[in-house]
2 protein chains.
Amino acid sequence: MKIAVLGFGTVGAGIHEMLQKAEGLEPGPVWVRRGKADEAWKTDDFDRILADPSIDAVAEAIGGTDPAYGLAKRTLESGRHFVTANKMLVAEYGLELQKIADRSGAAFLFSAACGGGVPLLHNLALARRGDEIVSVKGILNGTTNYMLDRMQTEGLGYEEALKQAQALGYAEADPSADVSGLDALRKIRLASAVAFGILPDGCLHEGIENVSAEDIRFYQSKGLVLRLIAKAARTEEGVSAHVEPVLFARNAAEAAVSLNNNLAVYEGRFCGRIGLSGQGAGRYPTASAVIRDLESILSGARRMLPEKTVRAAADNGSEKYRCYLRLTEAFAGLFPGAERLEQSTADGSLRLLTKPLPADRMHAAAAEIRKKGGCISFAALEE
Amino acid sequence: MKIAVLGFGTVGAGIHEMLQKAEGLEPGPVWVRRGKADEAWKTDDFDRILADPSIDAVAEAIGGTDPAYGLAKRTLESGRHFVTANKMLVAEYGLELQKIADRSGAAFLFSAACGGGVPLLHNLALARRGDEIVSVKGILNGTTNYMLDRMQTEGLGYEEALKQAQALGYAEADPSADVSGLDALRKIRLASAVAFGILPDGCLHEGIENVSAEDIRFYQSKGLVLRLIAKAARTEEGVSAHVEPVLFARNAAEAAVSLNNNLAVYEGRFCGRIGLSGQGAGRYPTASAVIRDLESILSGARRMLPEKTVRAAADNGSEKYRCYLRLTEAFAGLFPGAERLEQSTADGSLRLLTKPLPADRMHAAAAEIRKKGGCISFAALEE
């Protein structure tokens, strides 16, 4: 099977390199932006790829939705298989692209868009057909895991941890998509689509920007380890989907995820809890996920989205958790029945442990407090 | 796709139940031993299954090699797909069954034979085609992990831990295959066949029978956690394959594997280290692995053994590790340069930390000491 690669950045170059050796796969031309085709095997003319009957599949690693969306559409309309590492593309246009693939009989796979090298989506897609998936959750952003790991093992503050992550190339110059939890949220939305056939909208994300070195010391004094967790689960109304800092016991598998590693755990009614870990980003881990998708096309795989997958508003009102809070004292009344723990020394704010409350209530309260000029840092308790 | 199930014990009944709901799969008759066909959908006549053209596949959960081998052969010769949870069958006859499957075009898959519900073999088979697998290792026996976990968290001795495991149904009345490491070795041999195309013979296994409560306390005093690890790796000469107790730092992923859970980790040149965890045994986890194999046949999968897989003697002379030893003092000279740590109180034996030595030297020394009436307990250091 001959594969054209779109994009020759970090991931695209990795895919092109791995194609040289992969069983049954063969590298075709690499598409690059206008004027960047500086080698005979590169082209900036997508029509040439579509006109070449020897090309069976296209692997996309451009990122963003323009021109990726147009090229994806044209690839699938031509009956060629399309594999992508692009979570924005799939979250935005995945359902539409699946319909085109269904019509033309082409494969549409996107393992690398969620969890990088961690084989989450592929396994979810297989498991859900014979089992009933109850939940999918995990550490899906390596940048923030690296930062939290440094904060907890070296006592670094948020800013220092961010600088270290940037120096190592784990965080971008503008880290906002990572540290706000948005990147992890995009990934868990795709996992939800694959596991439940529902691509949830209106999901909630709290990142790690409000986690201080003092918060970490407090959690450590309770024997707890902090991780940024993305979670999607079946509810009576549909699916929940949210991202927030979560506290684990020191002997939990999540606590053992160091540096920029990822860990995803899905739970099936029959199979129980299955954990999958590895590198969530980087040239070769991400490229290896693309290559696995291509190999599984060779074995006959055609889709990972269930038939009749729909978009629907997330239901974040059912699942409840207790949270540790540090907040401006004036807002303590928003959490009736919460246990008062200590007066935080640095800024005089309070620490509370709430009663179990729904995820949407917790996120809404945090938004309200910040809107009114107050401070809040929260972390859910895994129990 | 209609599936006949062979055997109606714990796993067979689980498969039959899951088939009622799995997408694209349909339960056929269940084959049981002569005289046990007490329901209309059971039969003790395998000819009836072969004579039924509506049956596309057979899922075997009898265990052992007789009559499983004969039934497997006849299934594959008839062109029907064959899926099994039977590690003895695959270790003994897998290469021969694969040849029959190749001739008839049928699928031959055996995910459930290694790791139970943990999707190790399926992922290895996919990964190895586009990557170069360097090693596969992990906690592949839930019984011994449960026992080691109890010994380390509750301070139980070996005998008490075994009794608890038996009371919970995790260990059999005759636990020797589990506690000797033989069960884990059988599984890692299958993983080696899938990852490297080499089914290794002459492998080494040290179990947990010689691990005392005092050993555990000593390891804990060094901040180390003990696990029984099966490992296969590429070497210059072929592949290594051995099982032994291994010591990990407290924050290692292996240390977080509690109770009777399993964790397998494979390392690829490109994908890096991928971890897979879950329940390694039990009705539904094992049945769910069989169902995943059947679903992947529906998507086009036909094999997990690489073409030209061979049997070959394991090469356990290349890989080296340091070991903690407790041994009868008279045999200390077998480990030149080893560091003397303490005189063990209970029986006056010595504790040593060896220099790095090859796995086959360590296992041979232990066999020699025991043959001569001495005692030894050893654990390799993960470094």
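What is the sum of charges around residue B:134, taking Lys and Arg as +1, Asp and Glu as -1, for the other residues whose C-beta is under 11 Å from the C-beta of residue B:134?
+2
Please tell me which of these pairs span more than 19 angstrom C-alpha to C-alpha: B:163/B:222; B:320/B:355; A:320/A:372?
Beyond 19 Å: B:163/B:222; A:320/A:372.
Would you list, by chain and number, the lysines whose Cα falls below 17 Å from the Cα of residue A:36, excluding same-chain residues fewer than 8 positions away?
Here the lysines satisfying the reach criterion relative to residue A:36 do not exist.
So how tilted is helix B:142-153 from the main axis of chain B? Cα-based, degrees 0 to 90, rounded to 10.
That works out to roughly 30 degrees.
Determine the dipole magnitude for the protein assembly as shown: charges of +1 sit on the beta-carbon of Lys and Arg, -1 on that of Asp and Glu, nothing else is charged, the reference point is the Cα centre, and the result goes in debye to the nearest 20.
320
Over all directions, what mean area does the Cα convex hull of chain A project, stated in square nanometres? Present the calculation step by step, with values, prior to reporting the outcome.
On the way: hull surface 77.4 nm².
Over every viewing direction, the Cα hull of chain A projects on average to 19.4 nm².
Report the per residue volume, in Å³, of the convex hull enclosing the C-alpha atoms of the protein assembly as shown.
Per residue, the Cα convex hull of the protein assembly as shown comes to 182 Å³.
Cα centroids of segment B:281-296 and segment B:307-344: how far apart, whole angstrom?
Taking the Cα centre of each part, segment B:281-296 and segment B:307-344 sit 37 Å apart.
Arranged by the count of other C-beta atoms within 10 angstrom, fewest first, what order do A:205, B:242 take?
Final ranking by Cβ density, sparse to dense: A:205, B:242.
List the relative contact order of chain A as a percent without decimals, with contacts defined as Cα pairs under 8 Å and 6+ residues apart.
Values: 856 pairs, mean separation 68.5, N = 383.
Relative CO of chain A lands at 18 percent.
Determine the distance separating the Cα centre of segment A:90-120 from the Cα centre of segment A:143-201; give it in Å without decimals.
Taking the Cα centre of segment A:143-201 as reference, the centre of segment A:90-120 is 22 Å away.
Assuming 1.002 mPa s and 20 °C, estimate D for segment A:2-109 with Stokes-Einstein, Rh taken as the Kirkwood radius over Cα pairs, in µm²/s. Spell out each step's value before the answer.
Numbers: Rh = 13.7 Å.
Approximately 157 µm²/s, per Stokes-Einstein.
Taking H as built 1.01 Å from N, whose amide H comes closer than 5 Å to the amide H of residue A:107, not counting residues under 5 places away?
A:81, A:82
Name the residue from B:247, A:297, A:242 whose Cα lies farthest towards the positive end of the charge dipole of the protein assembly as shown, charges +1 on Cβ of Lys and Arg and -1 on Cβ of Asp and Glu.
Going by the Cα projections, it comes out as A:297.
Measuring from the axis that superposes chain A on chain B, report the chain A residue with the minimal C-beta distance, rounded to whole Å.
For the rotation taking chain A to chain B, the closest Cβ gives A:300, 1.
For segment A:320-381, count all C-alpha to C-alpha pairs, find those more than 16 Å apart, and express that count as a whole percent of the total.
Distances greater than 16 Å cover 35 percent of the Cα pairs.
Would you grab the residues whose amide H sits under 5 Å from the one on residue A:43? Only those 5+ places off in sequence or on another chain, please, with H modelled 1.01 Å from N.
The list, which skips near neighbours in sequence, is A:30, A:31, A:32.
Which whole-number percent is the relative contact order of segment A:320-381 (Cα, under 8 Å, 6+ apart)?
Contact order relative to length: 48 percent.
Along its three principal axes, how long is segment B:229-383 when you only count alpha carbons? Whole Å, largest extent first please.
61, 36, 31
By count of other Cβ within 10 Å, fewest leading, how are A:45, B:66 ordered?
Details: A:45 12, B:66 9.
In order of increasing Cβ crowding within 10 Å: B:66, A:45.
If we count every other residue with Cβ under 10 angstrom of residue B:3's Cβ, Lys/Arg +1 and Asp/Glu -1, where does the sum land?
0
Treat every Asp and Glu Cβ in chain B as -1 and every Lys and Arg Cβ as +1, leave all other atoms uncharged, and give the resulting dipole magnitude about the Cα centre to the nearest 20 debye. All intermediate terms of the calculation are to be shown ahead of the outcome.
Working: 45 positive and 49 negative charges, 112 e Å.
Around 540 debye, computed over chain B.
Where nothing but the Cβ of Lys and Arg (+1) and of Asp and Glu (-1) is charged, how large is the charge dipole of segment B:82-220 around its Cα centre, in debye to the nearest 20?
Result for segment B:82-220 is approximately 660 debye, rounded to the nearest 20.
Could you compute how fast segment B:78-227 diffuses translationally, taking Rh as the Kirkwood radius over C-alpha pairs and applying Stokes-Einstein at 4 °C with viscosity 1.567 mPa s? Give it in µm² per second.
76
When chain A is modelled as a GNM with alpha-carbon springs shorter than 10 Å, which of A:167, A:59, A:332 fluctuates the most?
Largest GNM mean-square fluctuation: A:167.
Given B:348, B:336, B:363, which one lies farthest toward the positive end of the charge dipole of segment B:320-381, if we put +1 on the Cβ of every Lys and Arg and -1 on the Cβ of every Asp and Glu?
Checking the options against the dipole of segment B:320-381, the answer is B:363.
Straight-line reach from residue B:99: which lysines fall under 18 Å, measuring Cα to Cα and dropping same-chain residues less than 8 apart?
Answer for residue B:99, where 18 Å is the Cα cut-off: B:73, B:87, B:308, listed by chain and number.
Test of understanding: ordering A:114, B:271 by Cβ neighbours within 10 Å, fewest first, what list do you get?
Lowest to highest Cβ neighbour count: B:271, A:114.
Determine the sum of side-chain charges near residue A:368: Lys and Arg each +1, Asp and Glu each -1, restricted to other residues whose C-beta is under 15 angstrom from that of residue A:368.
Taking every other residue near residue A:368 into account, the sum is +2.
Read the figures in this text as sums done on the coordinates, not as results from a lab. In this text the structure is predicted, and so the values were computed from the model without any measurement. With ideal geometry, Cβ positions are generated from the backbone for all residues, glycine too; neighbour counts draw on all protein chains shown.
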